[in-house]
Amino acid sequence: MRRARPPALNWIDARVEEEVSRAQSRGEFDRLPGSGRPLQFDDDALVPEELRAALRVLRNAGFVPPEVQELREIGELERQVLAEADGPARRRALARLNLMLARVAGLRGGLAVDDECYRRLVERIAAGAPAPARPVDGDQSS
């Protein structure tokens, strides 16, 4: 559920759009450097100098951070859940999707899911077993 933006922010957005439209109609953006060419987002200005070469090598090798990989996998699981007919494969994909969404929410400040617990749950779901409704390993603390 998205929260409504405060009216003041909507007014500011409208005002900025209005000013940009006026400047554009006056031609103030016509002869800017790089006009008509794609933007370059490879700027490493915010990366410490000693890390730039290593990060560039990783990026060129196709490496993505684990968080990005998880978000990609979530997208794949969402497509799979939508494409599958109701059955065991769809239920497994849905269980895995819910688990991954809970994990991502945990990384963003919610309930954290332990890596080992997460791995075992994923293995159980892949094997067709339902995810436990109670804590794993007999941990009765919750």
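The values are calculated or read from the model by the stated rules, or taken from the named source; none is laboratory data. What you see is a predicted model; the values in this text were computed from it and never measured. Because the Cβ atoms are built from the backbone with ideal geometry, glycine has one as well, and the counts that use them run over all protein chains shown.
Considering V68, V64, V47, the condition of being modelled with pLDDT under 85 and under 24 Å from R120 (Cβ atoms) is satisfied by V68 alone. Residue pairs whose Cβ atoms lie under 8 Å apart, separated by 6 or more positions or on different chains, with the first residue in the range 44-72 and within 24 Å of L101 (Cα to Cα) and in contact (Cβ under 8 Å) with a residue 40 or more places away in the chain and the second surrounded by 12 or more Cβ atoms within 10 Å (Cβ to Cβ) and of a type in the set (V, I, T), are E67/V104. Of the listed requirements (1) of a type in the set (V, I, T); (2) at pLDDT 75 or above; (3) assigned to a helix (DSSP H, G or I), V122 misses just one: (2).
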